[in-house]
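Chemist: Below is the structure I would like to discuss, written out as structure tokens.
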Amino acid sequence: MNFGLRMVSEPDQAPIHSITLFVALLCACILIGHLLEKHRWINESITALAIGLCTGTLILLTTKGRSSHILLFDEQLFFIYLLPPIIFNAGFQVKKKQFFRNFMTIMLFGAVGTLISFIIISLGTAQLFKKLDIGFLDTVDYLGLGAIFSATDSVCTLQVLDQEETPLLYSLVFGEGVVNDATSIVLFNAILRFDLSHITSSSAIHLLGNFFYLFGTSTALGIAVGLISAYIIKKLYFGRHSTDREVALMILMAYLSYIMAELFNLSGILTVFFCGILMSHYTWHNMSESSRVTTKHAFATMSFISEIFIFLYVGMDALDIEKWKIVSKSPGKSIGVSSILLGLVLVGRAASIFPLSFISNSTKKSQSDKIGFKQQIVIWWAGLMRGAVSMALAYTQFTRSGHTQLQGNAIMITSTITVVLFSTVVFGLLTKPLISFLLPRKHTMLPSDLTNLKLLNLPLLANGQESESDMNGDHIPRPVSLRMLLTTPSHTVHHFWRKFDDSFMRPVFGGRGFTAHVHDPPPERIIH
């Protein structure tokens, strides 16, 4: 069975040595990241990249320039094993009320904004690369580059933002990041399926139709698997017998949703994301208390390790001597390609965020719901960084099993690595001072303001679960006059969804309020 991960060395003990070293490096990333935690601008991603670069350098020196790897990467490893826990945990931990309250704006940025960036990068590379006399790319490659460099990585920004002080901004950056990854991968897969050697208006419409088909069917599959898992656990209630079975079933069904989507040639990333949302809303509440704690930390841990693994490998792969030897024959082209791609990322991001923010603000009546100019800059900046998804898509497009022999493909891989490293390290390090300058922290609240602080925290409780008072809307001020009713309507979309959810969905699929079976039987009555 091919797991997509192979050892570089041939001797019998080499696999054990390689895996031991790689696991030790993962532990080092976690420990060093913990020690640097007080410096919030140095996150685990930057730490893993730095350790990967240092390790790659040492391996180059010990192998006398033959290799910088201890493991060879296959893109299937990323898409089948590393990506699912990252995306599922994002859906499982999402603050649902904030996410769906800003759903239209998130979709505007994540879907429409990604399409705008995709078009600008694709057209820009097609025009500018010709001036560099790069003749090894065809139409599919230019469109593939548009999808590759439209995938953002907002981890650095999310670690700096305070979701209690800026719930709207945090929700937009987080939600857009997930939808953006899904849109980029769906676009990339749709491009690979079509023969684009002769583009016509009908083929463009067909491509767009296939994109929306993948988006809709993938989402529906994730929702269906999430509801099925909730129904099964509610009816059988495994917690009466074994917490292990309960947790195992939830983890396996979450992964099953992703694999089923890949089996049917759908978007696994969309499927597993919405499966995570449904599981956190229904399935998670049907479980025993011990199972809830276990699943919450299990999903977060798997996601964390996967992210560290990816950035550690990217740091090592940046020194892959095989690619750089090929690129060294034309260093000017490589530098030009990297500069053009980085410039197009900046332009494409600006062309999507600022106009779409204007459109979003024009539909908002309340000033508090509008996105300020400083917040727009933060959202624009958060999407400048490129990460694991861009690397994986680039490997899929321009390599075979981690190897690159053609000069053109080597230039594209090294340029992608350069953009990822530059954006993650440079832009990542500048994120904290930029946000501190644009959005200075508020003064420490007095004890008399603790009541207001609790109200701010209600929509942002751990694990994406809202409190009972928030679910019922008890803390929301009710309109007491006609003017307030017009500006603060009590019958919102969330209000109608809550009524439908309480009346039809929860009685069938459980969720918050589900009463678990009593573990121990009631004591027998003594009859005298």
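Chemist: Whether any residue in segment 378-387 is farther than 16 Å from residue 147 by Cα, of a type in the set (A, V, I, L, M, F, W, C) and at pLDDT below 90 is what I want to check.
Modeler: No, segment 378-387 has no match at all.
Chemist: Any residue at all in segment 87-109 that is touching an Asp or Glu at 6+ places or on another chain (Cβ under 6 Å), surrounded by fewer than 24 Cβ atoms within 10 Å (Cβ to Cβ) and assigned to a helix (DSSP H, G or I)?
Modeler: Yes, the conditions are met somewhere in segment 87-109.
Chemist: Here's another thing I want to ask about it. Evaluate segment 305-328: report whether one residue or more is in contact (Cβ under 8 Å) with a residue 60 or more places away in the chain, of a type outside the set (Val, Ile, Thr), within 21 Å of residue 27 (Cβ to Cβ) and open to solvent by 50 Å² or more (accessible area, probe 1.4 Å).
Modeler: Yes, there is a match, as at least one residue in segment 305-328 is in contact (Cβ under 8 Å) with a residue 60 or more places away in the chain, of a type outside the set (Val, Ile, Thr), within 21 Å of residue 27 (Cβ to Cβ) and open to solvent by 50 Å² or more (accessible area, probe 1.4 Å).
Chemist: Please specify each residue of segment 374-433 satisfying the condition of being more than 16 Å from residue 315 (Cβ to Cβ) and part of a loop (DSSP other than H, G, I, E, B).
Modeler: Across segment 374-433, the qualifying residues are 383, 384, 399, 401, 404, 405, 406.
Chemist: Which residue out of 141, 162 is open to solvent by 10 Å² or more (accessible area, probe 1.4 Å), of a type in the set (D, E, K, R) and either in a loop (DSSP other than H, G, I, E, B) or over 26 Å from residue 417 (Cα atoms) (or both)?
Modeler: None of the other options fit; the residue is 162.
Chemist: Going by what's in this entry, would residue 237 be described as more than 16 Å from residue 88 (Cβ to Cβ), open to solvent by less than 60 Å² (accessible area, probe 1.4 Å) and more than 17 Å from the chain's Cα centre (by Cα)?
Modeler: yes
Chemist: Please go through segment 27-49 and give me each residue that is at pLDDT below 75 and open to solvent by 10 Å² or more (accessible area, probe 1.4 Å), ordered by number.
Modeler: Within segment 27-49, 37, 38, 39, 40, 41, 42, 44 qualify.
Chemist: Let me ask something additional. Any idea how many residues of segment 341-386 are among the charged types (D, E, K, R) and crowded, with 21+ Cβ neighbours inside 10 Å?
Modeler: 2
Chemist: Return yes or no: is residue 172 modelled with pLDDT of 85 or more, under 30 Å from residue 93 (Cα atoms), in contact with a helix residue (DSSP H, G or I) (Cβ under 8 Å, 6 or more places away or on another chain) and of a type outside the set (D, E, K, R)?
Modeler: So residue 172 fits the description; yes.
Chemist: Restricting attention to segment 56-73, does a residue exist that is modelled with pLDDT under 80, open to solvent by less than 20 Å² (accessible area, probe 1.4 Å), farther than 19 Å from residue 324 by Cβ and of a type outside the set (A, V, I, L, M)?
Modeler: Within segment 56-73, not a single residue is modelled with pLDDT under 80, open to solvent by less than 20 Å² (accessible area, probe 1.4 Å), farther than 19 Å from residue 324 by Cβ and of a type outside the set (A, V, I, L, M).
Chemist: Within segment 3-24, can one find any residue that is at pLDDT 75 or above, open to solvent by less than 100 Å² (accessible area, probe 1.4 Å), farther than 20 Å from residue 70 by Cβ and hydrophobic (A, V, I, L, M, F, W, C)?
Modeler: No: zero hits.
Chemist: May I pose another question? Residue 258 is checked against (1) over 26 Å from residue 498 (Cβ atoms); (2) touching a Gly at 6+ places or on another chain (Cβ under 9 Å); (3) open to solvent by 10 Å² or more (accessible area, probe 1.4 Å) and fails just one. What number does that condition carry?
Modeler: All conditions pass for residue 258, except number (3).
Chemist: Restricting the search to segment 240-286, which residues are small (Gly, Ala, Ser), under 21 Å from the mean Cα position of the chain (by Cα) and at pLDDT below 90?
Modeler: Correct list: 267, 268.
The values are calculated or read from the model by the stated rules, or taken from the named source; none is laboratory data. Keep in mind that this is a model prediction, so the values were computed, not measured. Don't worry about glycine lacking a Cβ; one is built from the backbone with ideal geometry, like all the others, and counts go over all protein chains shown. Ligands, DNA and RNA are excluded from the accessible area calculation, which covers all protein heavy atoms including side chains. Shrake-Rupley method; radii C 1.70, N 1.55, O 1.52, S 1.80 Å.
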